[in-house]
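The numbers here are math on the coordinates, done by the rules we state, and not lab data. Since the model is a prediction, treat every value here as computed from it, not as a measurement. Cβ atoms come from the backbone with ideal geometry, glycine included; neighbour counts cover every protein chain shown.
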Amino acid sequence: MKINYPRLKSRIDALAEISPIEGGGNCRLALTDEDKHGRDLVVSWMRELDLEISIDTVGNIIGTWNTAELSPVMSGSHIDTVRTGGRFDGCYGVLAALEVIQTCQDAKIKPPRPLAVGVFTDEEGARFAPDMLGSLVYVGGMAVETALDILAIDGAKFGDELVRIGYAGPAPCPGISPHAFVELHIEQGPMLEANNTRIGAVTSVQGISWREVTILGQSNHAGTTPMSLRHDPAYVAAEITVFVRNLALELGGDQVCTVGKVDLHPNLTNVVPARATLTLDMRNTDENLLQLAEKRIADFLTKIADSEGVKISTRVLARFEPVVFDDRVVACVEQIAKQHGHTVRRMPSGAGHDAQMLARVCPSGMIFVPSVKGISHNPAEFTTDADLEAGANILLHAMLSLTTLETQA
Ligand code: HGY
Ligand code: MN
Ligand code: MN
């Protein structure tokens, strides 16, 4: 049995028509009108497949086929994007899971368990931190009330936006724990391409540590204030950016550090800023090294606050330890890839994914397909048709295989 790739591709292209940006990607930040339009389109496809559709209190959409007493094998991902997103990140996994169900319906097979597709809210965390917010609440990792109170980078409140776009659903969180969960996703990195490998059997997701750093200095006249009298938050922000880059290079291995967002106030040419706010994204597959990086950065902030005479405060935006996937799911992906004649390698995920949250409540895993030049979170994100089709066929057989996965005592 094989998926109908032209049908899958036409859905990927149709979803990519919603809020397209230059270069072929999308901007559908969580809970914006653009996100709503994407949600409405996917829900319409779920209706066409006659799925039982449930929307929960943080807007997660779960479409289930062949609903029965038994818990479903679930797949899925997200359709919200970063501001300069590609068309495959998340969307590919959601639409491939829909395609798996439609392929099973066409073949008139009756799996021993229901199959379900999850569209999880705010996976990117770009507008409302943390990332994987919807799936975190779905598995009981954050209270609904806490999520509803989260403020966006543009000041909007999560709960208000959810109501505004019409996706404040009735279904309770935590949601139903699946029998097993497997997510198909583009790798978003260079490893598969560099190793000339088509399928990634993902073994783990690295730890993630997001911080917002606020630096309060003294705004002053850019022309009259001698350098020796300055308490300049923009200078401190720049020093922090250089420090975290050098720290990542020093720690080596999987350590990465990113300053992705910097805001200055009042952000004017002739004013030494009063305030700088920046975000730190630190990741490592090794929890101890991630904690070491956090400590080194905290010490540096104390030192530079003292030397520049500024006040520095930090706020945790996200903190997830590394997650190891159930080896039975990893082995299932690996085996099916080999049976289909594809090259496959076990590998960690550098990016965060909803599967890392579902792993808290059921045996979970992921399937990766290559990203050309390892590019993602960029409209130039691209994966070939052959790789997209191969990944979706692996997902089809992995979901069916997991319907008979023994529940571990
Ligand atoms: O941040 C991440 O890794 C994911 O794209 N949300
Ligand atoms: Mn993603
Ligand atoms: Mn992403």
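Helix 327-339 versus the longest principal axis of the chain: what is the Cα-based angle in degrees, 0 to 90, to the nearest 10? It works out to around 60 degrees. For the stretch 128-260, what class follows from the C-alpha gyration tensor (a ≥ b ≥ c being the square roots of its eigenvalues): rounded when a/c is under 1.5, otherwise prolate if a/b is larger than b/c, else oblate? Here the stretch 128-260 falls in the oblate category. Placing a label point 7 Å from the Cα of ALA222 along the Cα-to-Cβ direction, the residues of the stretch 234-276 whose backbone N falls under 19 Å of that point are 234-239, 262-276. With contacts taken as Cα pairs under 8 Å and at least 6 residues apart, the stretch 207-320 reaches a relative contact order of 45 percent. For the stretch 238-265, the residues whose backbone nitrogen is under 11 Å from a point 7 Å from the Cα of ILE153, taken along Cα to Cβ, are 260-263.
If R0 is 25 Å, what FRET efficiency do you get for ARG83 and VAL163 from their C-beta distance, rounded to 0.05? Computed FRET efficiency for ARG83 and VAL163 comes out at 0.60. With respect to the chain, whose longest principal axis is taken over its alpha-carbon atoms, helix 287-308 is tilted by about 20°. Here the sum of -39500 (n - 2.57) over DSSP H runs of 4 or more residues, divided by the residues of the chain, equals -10500 deg cm²/dmol at 222 nm, to the nearest 500. Coordinate range of the alpha-carbon atoms in the stretch 191-274 per principal axis, descending: 60, 24, 21 Å. Within the stretch 203-219, what residues put their amide N at less than 15 Å from the label point 7 Å along the Cα-to-Cβ vector of THR258? Within reach of a label on THR258: 206-212.
Quotient of the Cα radius of gyration of the chain and 2.2 N^0.38 Å, N being its number of residues: 1.03.
Think of the stretch 256-409 as a dipole: +1 on every Lys or Arg Cβ, -1 on every Asp or Glu Cβ, centred on the Cα centre; then among GLY341, MET366, VAL310, VAL310 lies furthest on the positive end. Calculate the FRET efficiency for LYS2 and GLU239 from the Cβ-Cβ distance with a Förster distance of 45 Å, rounded to the nearest 0.05. The calculated FRET efficiency here is 0.25. Shown for THR343, THR121, THR103: other C-beta atoms within 10 Å of each C-beta, ranked fewest to most, produce the order THR343, THR103, THR121.
So between GLN335 and ILE109, what do we pick up on full extension, going 0.36 nm a residue minus the alpha carbon distance?
On the way: separation 226, 0.36 × 226 = 81.36 nm, distance 2.21 nm.
That pair, GLN335 and ILE109, stretches by 79.1 nm at full extension.
Loop-located GluC sites (Glu not before Pro) across the stretch 358-409 with a Cβ neighbour count of 11 or fewer within 10 Å are GLU406, with loop assigned by DSSP. Look at the alpha carbon pairs under 8 Å that are at least 6 residues apart: their mean separation over the length of the chain gives a relative contact order of 23 percent.
Using a 7 Å offset from the Cα along the Cα-to-Cβ direction at both ALA143 and ASP33, what is the distance between the two label points in nm, to one decimal? Going from the ALA143 label point to the ASP33 one covers 3.5 nm.
If the segment from THR404 to ARG360 were pulled out straight at 0.36 nm per residue, it would be longer than the present Cα-Cα gap by 13.8 nm. Nearest 0.05, what FRET efficiency do ARG315 and ASP40 give at R0 = 35 Å with Cβ-Cβ as r? Computed FRET efficiency for ARG315 and ASP40 comes out at 0.55. Using only the C-alpha atoms, the convex hull of the stretch 207-320 corresponds to 87 Å³ per residue. Within straight cross-link reach of LYS110, meaning Cα distance under 19 Å, which lysines are found once same-chain residues fewer than 8 apart are removed? Candidates past the 8-residue exclusion: LYS2. Here's the list of lysines a cross-link from LYS157 could span, going by alpha-carbon distance under 24 Å and ignoring same-chain residues fewer than 8 apart: LYS36, LYS261. Computed from Cα positions, the angle between helix 91-106 and the longest principal axis of the chain comes to roughly 10 degrees.
Between beta-carbons, use under 12 Å as the cut-off and find the net charge around ARG360, counting Lys and Arg +1, Asp and Glu -1.
Numbers: positive: none; negative: GLU321, ASP326, ASP354.
Spelling it out: positives minus negatives among the neighbours equals -3.
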